[in-house]
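One structure is given below, encoded as structure tokens.
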């Protein structure tokens with residue numbers, strides 16, 4: 001009994017090229033569509049602040065790495081579906097299987113390319129995306145919108161110059177509009193330090209910051225320390241100003257996010273949704289391989305030769321939309337602590353991986 005050798009390198013390259021070419025076309029098409037949608041979404045701001053010049057062009061160029069990183073899984077799915085739809089129209093998929101080439105052998109070259117795309121996605125998410133996203137946020141909010149940067153992070157604390165002195169805080173919770181670990185330093189007109197007031201937290205009531213559990217001391221003659229009363233937290237920064245200081249998870253690399261979470265825990269603060277975002281740093285790149293596998297499972301079953309490219313493109317959009325819908329739901333549940341962080345990040349991948357494996361294993365050889 002003779003065993004037929006697996007595909008030749010020429011056939012491997014042929015199948016891989018029929019995936020990678022449509023993949024690049026789909027990635028470019030999705031990127032352009034995403035950029036156009038973002039432009040229309042920010043159209044009023046771009047008109048008001050003159051964002052259709054070089055500054056606006058630089059902003060959208062800096063957003064490209066993040067957009068590409070987010071679209072790679074859907075482009076991988078669309079590339080497989082479109083590439084094999086074109087092969088199917090010419091009967092080449094059927095011819096390969098009639099020659100005894102199994103579906104698994106045809107899938108291997110595509111899966112190797114998809115695995116490399118996943119590695120590329122992880123690499124740019126850890127290097128290019130954080131730096132480019134930070135710079136894009138700075139251009140849009142500071143240089144384009146001319147918003148004032150009230151404070152900076154220093155040793156993981158927020159420092160803000162306020163009307164009568166300085167304020168520092170450990171952490172800003174944007175969801176609940178609260179400052180944690182607040183210290184207010186009142187400065188007299190001669191720039192000498194007067195009163196120091198501390199509060200575990202301060203909440204925004206819609207008009208001003210209201211501290212909770214204030215304790216204060218005052219520097220008296222000869223640097224003596226005496227209790228102080230009737231201390232007013234006069235913080236003239238608003239929640240939207242603190243949002244400039246809060247970095248999105250896309251602005252962190254994985255080790256920076258780990259360090260940030262560790263710093264929050266050391267201060268007794270709940271890292272909350274950052275735990276979900278850390279797991280997503282691993283889960284999202286792997287989605288490229290999972291989506292390509294699902295596309296193969298849908299493409300290698302017997303199909304009419306006249307199956308249209310439009311059908312494959314529509315199927316890719318529908319599956320991609322379903323994936324992002326599930327991803328959005330599970331991420332929201334994870335950030336609300338309704339489900340564990342790891343489950344929130346990995347559940348969409350697990351669901352689509354099981355679906356793709358089932359379709360492939362129980363599919364029909366031609």
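Report yes if residue 44 is buried (at least 20 other Cβ atoms within 10 Å of the Cβ), at pLDDT below 85, out of contact with any helix residue (DSSP H, G or I) (no Cβ under 7 Å at 6 or more places or on another chain) and closer than 30 Å to residue 321 by Cα, otherwise no. No, not satisfied. Checked against the criteria, residue 93 does not count as more than 24 Å from residue 130 (Cα to Cα), assigned to a helix (DSSP H, G or I) and at pLDDT 90 or above. Against the test of being at pLDDT 80 or above and not assigned by TED's automatic domain parsing to the domain that holds residue 43, the options 217, 235, 196 yield a single qualifying residue, 196.
Please tell me if residue 87 is within 30 Å of residue 141 (Cβ to Cβ) and either in the same structural domain as residue 352 (by TED's automatic domain parsing) or surrounded by 21 or more Cβ atoms within 10 Å (Cβ to Cβ) (or both). In short, no. Within the range 295-314, is there a residue that is at pLDDT 85 or above, touching a helix residue (DSSP H, G or I) at 6+ places or on another chain (Cβ under 6 Å) and surrounded by 18 or more Cβ atoms within 10 Å (Cβ to Cβ)? Within the range 295-314, one or more residues are at pLDDT 85 or above, touching a helix residue (DSSP H, G or I) at 6+ places or on another chain (Cβ under 6 Å) and surrounded by 18 or more Cβ atoms within 10 Å (Cβ to Cβ). Tallying residues that are under 30 Å from residue 261 (Cβ atoms) and not in a loop (DSSP other than H, G, I, E, B) within the range 173-223 yields 23. Whether any residue in the range 268-287 is modelled with pLDDT under 70 and surrounded by 15 or more Cβ atoms within 10 Å (Cβ to Cβ) is what I want to check. Yes, that holds for at least one residue.
Yes/no matrix, rows are residues, columns are (1) in contact with a helix residue (DSSP H, G or I) (Cβ under 6 Å, 6 or more places away or on another chain); (2) in a helix (DSSP H, G or I); (3) modelled with pLDDT of 75 or more:
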position	(1), (2), (3)
7	yes, no, no
10	no, yes, yes
18	yes, yes, yes
23	yes, yes, yes
70	no, yes, yes
78	yes, yes, yes
87	yes, yes, yes
108	no, yes, yes
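The values are calculated or read from the model by the stated rules, or taken from the named source; none is laboratory data. It should be emphasised that the depicted structure is a prediction, and the values quoted were computed from it without experimental measurement. Methodologically, a virtual Cβ is constructed for each residue, glycine included, from the backbone with ideal geometry; neighbour enumeration extends over all protein chains shown.
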